[in-house]
1. Go over the candidates A:Ile70, A:Ile86 one by one and state the one that is buried (at least 24 other Cβ atoms within 10 Å of the Cβ) and either in contact with a strand residue (DSSP E or B) (Cβ under 8 Å, 6 or more places away or on another chain) or away from chain B (no Cβ under 11 Å) (or both).
2. Answer with yes or no whether B:Gly104 is at positive phi, within 11 Å of chain A (Cβ to nearest Cβ) and either touching a helix residue (DSSP H, G or I) at 6+ places or on another chain (Cβ under 6 Å) or surrounded by fewer than 24 Cβ atoms within 10 Å (Cβ to Cβ) (or both).
3. Test B:Tyr256 against the stated conditions and say whether it is of a type in the set (Ser, Thr, Tyr), within 14 Å of chain A (Cβ to nearest Cβ), out of contact with any Cys (no Cβ under 7 Å at 6 or more places or on another chain) and part of a helix (DSSP H, G or I).
4. Filter the stretch A:102-113 down to residues that are out of contact with any Pro (no Cβ under 8 Å at 6 or more places or on another chain) and buried (at least 19 other Cβ atoms within 10 Å of the Cβ) and give me whichever is farthest from the other protein chains (Cβ to nearest Cβ).
5. Check off (1) assigned to a helix (DSSP H, G or I); (2) under 26 Å from B:Val51 (Cα atoms); (3) not assigned by TED's automatic domain parsing to the domain that holds B:Asp292; (4) not small (Gly, Ala, Ser) for B:Phe169 and give me the number that stays unchecked.
6. Can you find, within the stretch A:321-370, the residue that is surrounded by the fewest Cβ atoms within 10 Å (Cβ to Cβ) among those that are touching a helix residue (DSSP H, G or I) at 6+ places or on another chain (Cβ under 6 Å) and charged (D, E, K, R)?
7. Return the residues of the stretch A:165-184 that are over 19 Å from A:Asn135 (Cα atoms) and either in a helix (DSSP H, G or I) or in contact (Cβ under 8 Å) with a residue 60 or more places away in the chain (or both); say none if nothing qualifies.
8. Where residues in the stretch B:50-94 are among the hydrophobic types (A, V, I, L, M, F, W, C) and more than 14 Å from chain A (Cβ to nearest Cβ), which of them is farthest from B:Leu25 (Cα to Cα)?
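The values are calculated or read from the model by the stated rules, or taken from the named source; none is laboratory data. All of these numbers come straight from a predicted model, not from anything done at the bench. Here the Cβ is made from the backbone with ideal geometry for all residues, glycine too, and neighbour counts use every protein chain on show.
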Amino acid sequence: MLKIFYEGMKKSAEEEFQRRPRAWLMYTIQLTSTLLKAFEDDAKVVWTTYYSFPMELLAAFDVVPFDFEIGCNLLPGVDPKGCVDIMTEAEARGYSLDLCSFHRLALGSYFLGYFPKADLLLTTSHFCDGKTKTNQILARYYGKEAMMLDVPNELSKESVTYVSKQLQGIAGKLEEISGHKLDLDRLQECIRASNRARAAYGRLAELWKTKPFAWDGSRLCNLSIIGNMFSGTPFQEQLYQKIIEECEQRIAEGKVAPEEFRVLWLAWFPAQRTNINEIFRQNKVSIVMSELARVYWDEVDEKHPFEGMALRCLKNPYVGPIEQRLAGVLQMVDEYAVDGVVHFSSAACRHANASFRMIMDALVARDVPFLVLDGDMSDQRNYSAEGTWSLLESFIEVMAVRK
Amino acid sequence: MSNVRRIGWLCAFAPEEIVSAAGLLPMRLSGGGESTAVADAYIYSNLCPYVKSTLALGLNGKARHLDGLVFVRSCDGMRRMYDVWKTYVGTRFVYMLEVPKNKGEAAVEYFASQLRKFAHALEQEFGVDITPASLNEAIRMTNKARRLMQRIYQIQRNVPLPLPGSEVFQLGLDGLGMTKGAFILRLEEYCKKAESQVPQRGDKGKARVLISGNVIDRPELFRLIEAAGADVVAVDLCTARRHFDHLVDENSGDPYLALAHRYLGELSCARMTGLEERLNEMEELVKAYAVDGVVYTSVKFCDQHLADAPYFVEKLKDEGVMVLFLENDYTWGNTGQLKTRVEAFVEILDSRRR
């Protein structure tokens, strides 16, 4: 079923691309092509976490990366009701409604036979307890090995060594899966591609500071998560370059949406269809940045690729004490001249939600309006369009008063 | 005891030995029945009630007896509770100890380095020296308490069950706040009493239940099972077997490495990788204690244990073991519904024994 869904997405994106060769279509085609490769018989499929695992390492082995969270959570944007039915498959087998809808949807997709095969299930510890656990459970169902890159909560020489050693161990496992030895030159080439993409992304993030905002806020949030799946491939830089060109063109031609309020988005943007974009459009609100879209990592040192990739993991805003995340949030508040900050709190996203008070206090001290918007990533049963409308409208009023 | 400096801990992975070696008293901090209302304003409401209840204790000023509190990276909830505690509760010394989630050589080495760092932080903060001799002595004392507790667990393998499961559980729970010396004395006395119990020959006893899950700090579930006519013969919780099982090597040249091996290599917990390993341990307990049924329980919103539950239930049932899964709110306040479920479960166990 997922395969048919990806094929449909790809086909319509390709047809549209013929008429309008836009960056987002280019991205959709590449995303769906990669996901579809996972269904090919001879593919070596490594399940992973696009937004937290150093994808350069997978790119160096030419394995097909598949993220079960992303793979099935493209569905709620199209068919939220159908997704409830899929989640029900997991719930009927005892998976608690208190678990994240991302993971219930993944488990339901497995039970219904929607997923591709898996040769190895690989994830990271820093996003999040639910993902690591679901990864282990799916690995048992598939009868395949689960591996977890354990990323400590502290940055030190020892933690860099620890993560780096684990990455080397994972490389050994990837040698087994892919059937070829790690080619260090190839890995360095992937690191260089990733560094070039990082530079392009930095230029893009600079452009997003322009008033009015010259792109699409929900796409920005989406890209900050899924865009990482291309790390280590030349496509990532090409994609960012294309978005830069489109943003520059919009700015030059004055073809940008009217903007009265600028918002920084924290945590995730819902995968399911919601009324958030519509409310923002009507009230001339732009999401100008997302906390996961920030370039928080340094260039990876290609001479020490494992240490470099380890450092990138350890500098993730969700790793470490709250100060690390908070510093990034406050920096974006200043740099993007936002009028308010929204924290989307998906019911089971505990690692993100639990810090709301500290973020709120820091923003209140700067007189920046802050809203905790409760909702759910993928489960429409936990999402209230009316409640969202009412909360966001009140929040916009607060921003208007402060202005 | 008034001059004793106390260091609270929250997870079975916190190495009590290092705290004891510093001349400080390690004691488990538990929210117990503290209302979580105040915590909801500081940490998200959909968080584990153990975290919220314990945080509430701190926010309500009921953790002032502590001179310090050591967190470990048990889970997302604990990681974030550390931030909140440090910011809003204001205990003198608040420490986050890194505990890897993987096993293996790199993880053990890294954990040993973190244990040394923790020891150093205690030395700096409290002006004490943790010498190899004091650490080895603390390891010996902690092992001694563990051995005694294990002896009691061993006694519980007998049919019929010699000691009420609720009593043994409470004994262990009490020990989590005592000096090792006092705890050892109490355990020695209890062992004498336990070993004097002579099982009635031919008595098949009651249905035998294993409780498995994460954290329980109150006796309600035990009482429900016992009142329904079954025995709790083994308890696989953070506050029971997982705390007392496995010893630290007393003859290691590097006590920190020895501690790292015990805590990381031996403890089986849902936070670690190794789903199958945990299942195997549970199956071994079922055999060793002649268990008729397993009550698997988890506090609400604990992703690690909740996610494991269906897999364990399915696999144990495949092995012919009856399982009752209970999601709990940590306070065990609403026992009415639970009572019905527990009674029905015990009835099934009884009928299968006939």
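1. Just one listed residue meets the conditions, A:Ile86.
2. yes
3. On the way: of a type in the set (Ser, Thr, Tyr): yes; within 14 Å of chain A (Cβ to nearest Cβ): yes; out of contact with any Cys (no Cβ under 7 Å at 6 or more places or on another chain): yes; part of a helix (DSSP H, G or I): yes.
Yes, satisfied.
4. A:Ser109
5. That leaves (3) as the condition not met.
6. Here the answer is A:Asp339.
7. Matches in the stretch A:165-184: A:Lys165, A:Gln168, A:Gly172, A:Glu175, A:Glu176, A:Ser178, A:Gly179, A:His180, A:Leu182, A:Asp183, A:Leu184.
8. The residue in question is B:Leu57.
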